[in-house]
Amino acid sequence: MFSLHHVHLMASDVDAMIAFWRDHFGADVMFDGDFAGARNVFLRVGEGRLHLYAQPPRHAGQGTAHHLGIETDELDALVARLMAAGISVTGIRRVSGAAYAMAKGPDDLLLELFQPDPTQVGDRLVQAGYFASVRPKQT
C-alpha cells in the first residue's frame, strides 16, 4: 500500500509557520520536538499533514514545489479571512468543476485554495473519496 502521508516544509520562522496554519486553517500540532537532530513540527490540517523543519529554505518561493492545494468547503469565507488578515490572496476564480484562489504563505509558499463543485465531480473521484468535501451518496 502506498499513500502520500505529508509534505515537509522548511521554515525560516517555524513558530510563525505554525501560527499561520493554526490560525487560518485550523491546524493541530501533533508533535513538536527534536527529530533527526533538528526541531520538527508535525501538523494535522483536516485530513492532510504538514511537517515543518526549523531551517530556512535554501530558496524562498516555489523551489521544487509549485504549490500546496488546500481543499475547503468555505472558500468565500476563507478568502475573506485571509484578506482581512493582510495575507496576499487573489480573488476567487470560478471554473467548470471548482472555484479557487491563490494565496501567499510563509516563505512565499504558493497555496491553491479550492472548493470542488460536488455536482460536477466525476463519479470515479467521488467513489474513491478523492475530495474530503465530496462524499458518495449513502444508499
**Request:** Mind checking which of LEU82, ALA38, LEU68 is farthest towards the positive end of region 8-139's charge dipole, using Cβ charges of +1 (Lys, Arg) and -1 (Asp, Glu) about the Cα centre?
**Result:** LEU68
**Request:** Grab the other residues whose beta carbon is less than 12 angstrom from that of ARG94, score K and R as +1, D and E as -1, and report the net.
**Result:** -1
**Item:** Positive minus negative residues near ARG81 (Lys, Arg vs Asp, Glu; Cβ under 11 Å)
**Value:** -3
**Distance in nm between pseudo-label sites at SER12 and ALA128 (7 Å out along the Cβ direction from Cα)** = 3.7
**Request:** Using just the helices of the chain, give the 222 nm mean residue ellipticity in deg cm²/dmol: DSSP H runs with n ≥ 4 each add -39,500 (n - 2.57), and the total is spread over all residues, rounded to 500.
**Result:** -5500 deg cm²/dmol
**Fill in**
Everything considered on the Cα gyration tensor (a ≥ b ≥ c; rounded for a/c under 1.5, else prolate if a/b is larger than b/c, else oblate), region 78-138 must be described as prolate
**Request:** Please work out whether region 1-55 counts as rounded, prolate or oblate from its C-alpha gyration tensor, where a ≥ b ≥ c are the square roots of the eigenvalues and a/c under 1.5 means rounded, while otherwise a/b larger than b/c means prolate and anything else oblate?
**Result:** oblate
**Request:** Could you tell me which of rounded, prolate or oblate describes region 11-139, using a ≥ b ≥ c as the square roots of the eigenvalues of the alpha-carbon gyration tensor, with rounded for a/c under 1.5 and, failing that, prolate when a/b is larger than b/c and oblate otherwise?
**Result:** prolate
**Fill in**
So, with points 7 Å from each Cα along the Cβ direction, the GLU74-ARG39 label distance in nm works out to 2.9
**Asked** Quick one: helix 14-25 against the long Cα principal axis of the chain, what's the angle to the nearest 10°, folded into 0 to 90?
**Response** 20
**Request:** Would you look at the GNM of the chain, springs on alpha carbons closer than 10 Å, and say which of ALA99, ALA77, ALA54 moves the most?
**Result:** ALA77
**Request:** Would you mind ranking PHE114, PHE131 so that the residue whose beta carbon has the fewest other beta carbons within 10 Å leads the list?
**Result:** PHE131, PHE114
**Item:** Footprinting exposure proxy for MET17, MET30 (fewest neighbouring C-beta atoms within 10 Å first)
**Value:** MET30, MET17
**Message:** Suppose we keep just the DSSP beta bridges with both residues in the chain; what percent of those would be antiparallel, to 5?
**Reply:** 75
**Prompt:** Where does each of ILE18, ILE70, ILE92 land when they are ranked from fewest to most other beta-carbon atoms within 10 angstrom?
**Reply:** ILE92, ILE18, ILE70
**Item:** Label-point gap, in nm, between ALA65 and ARG93 - each point 7 angstrom along Cα→Cβ
**Value:** 2.1
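Read the figures in this text as sums done on the coordinates, not as results from a lab. Please read these numbers as outputs of a predicted model, since none were measured by experiment. Cβ coordinates were reconstructed from backbone atoms using ideal geometry, including for glycine residues, and neighbour counts include every protein chain displayed.
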